[in-house]
Every structure is written in structure tokens, then in C-alpha cells.
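The values are calculated or read from the model by the stated rules, or taken from the named source; none is laboratory data. As the structure is a computational prediction, the values presented were derived from the model and not from experiment. Virtual Cβ from ideal backbone geometry, glycine too; neighbours counted across all protein chains shown. These area figures cover heavy atoms from the full protein model, side chains too; ligands, DNA and RNA do not enter into them. Shrake-Rupley method; radii C 1.70, N 1.55, O 1.52, S 1.80 Å.
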Amino acid sequence: MRNVPFEASRSELRELFGSFGQLKSLRQPKKFDGTSQGFTFIEYVSSDDAKTAIKALASTHLLGRKLVVEYAKEEANVNSHTVFDE
């Protein structure tokens with residue numbers, strides 16, 4: 001998910017996304033100074049819960065910013081990692 005407000009807390013995001021199913025993980029990458037980079041990775045236990053969340057949160061605003069909720073893309077190399085592609 002991108003366009004996450006910099007002031008959004010992990011607990012706020014867990015509450016919002018947890019209402020659609022059990023979360024496996026929530027990661028908020030930080031800059032070197034410890035501030036948010038403005039995107040978050042949410043992983044659900046169930047792929048059906050992830051689909052439901054993506055549909056339900058398509059037009060959601062959080063702290064004044066419209067969230068962009070989509071599946072993470074993978075790099076197309078041998079050492080593939082989940083990445084966020086803007």
C-alpha cells in the first residue's frame with residue numbers, strides 16, 4: 001500500500017486492515033532518520049482476506065490521504081524479493 005500518511009501508526013494500520021482478516025505481517029519501511037517512507041506491506045494469512053481488503057479499501061482515506069492499496073510486485077531476477085514498485 002502506498003500514499004500512507006507519514007504520521008499513521010502501526011496500530012492504526014493494524015486496526016484498519018485487521019478488520020478484513022488475520023494479518024500475517026505488517027511492515028513499514030523507514031528512512032535512515034527513522035521516519036516513514038509512506039508505504040506499508042500488509043500480508044494476510046488468507047489470500048481471500050487480501051482480495052477482500054483490496055476491494056474494500058480502494059477508495060479509503062486515512063488521515064487526509066487516499067490510500068493506494070494493491071498487490072506488491074516482484075523483481076524479475078533470480079534473487080526475487082517482494083518489492084514496492086511505484
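In segment 45-61, the condition of being open to solvent by less than 60 Å² (accessible area, probe 1.4 Å) and assigned to a strand (DSSP E or B) is met by no residue. When restricted to residues that are surrounded by 14 or more Cβ atoms within 10 Å (Cβ to Cβ) and either modelled with pLDDT under 95 or not in a helix (DSSP H, G or I) (or both), segment 14-42 contains 11.
Inspect segment 2-10 for any residue being farther than 21 Å from LYS66 by Cβ and either open to solvent by 80 Å² or more (accessible area, probe 1.4 Å) or modelled with pLDDT under 95 (or both) and give the result as yes or no. Within segment 2-10, not a single residue is farther than 21 Å from LYS66 by Cβ and either open to solvent by 80 Å² or more (accessible area, probe 1.4 Å) or modelled with pLDDT under 95 (or both). In segment 1-13, what residues are hydrophobic (A, V, I, L, M, F, W, C) and part of a loop (DSSP other than H, G, I, E, B)? Within segment 1-13, MET1, VAL4, PHE6, ALA8 meet the criteria.
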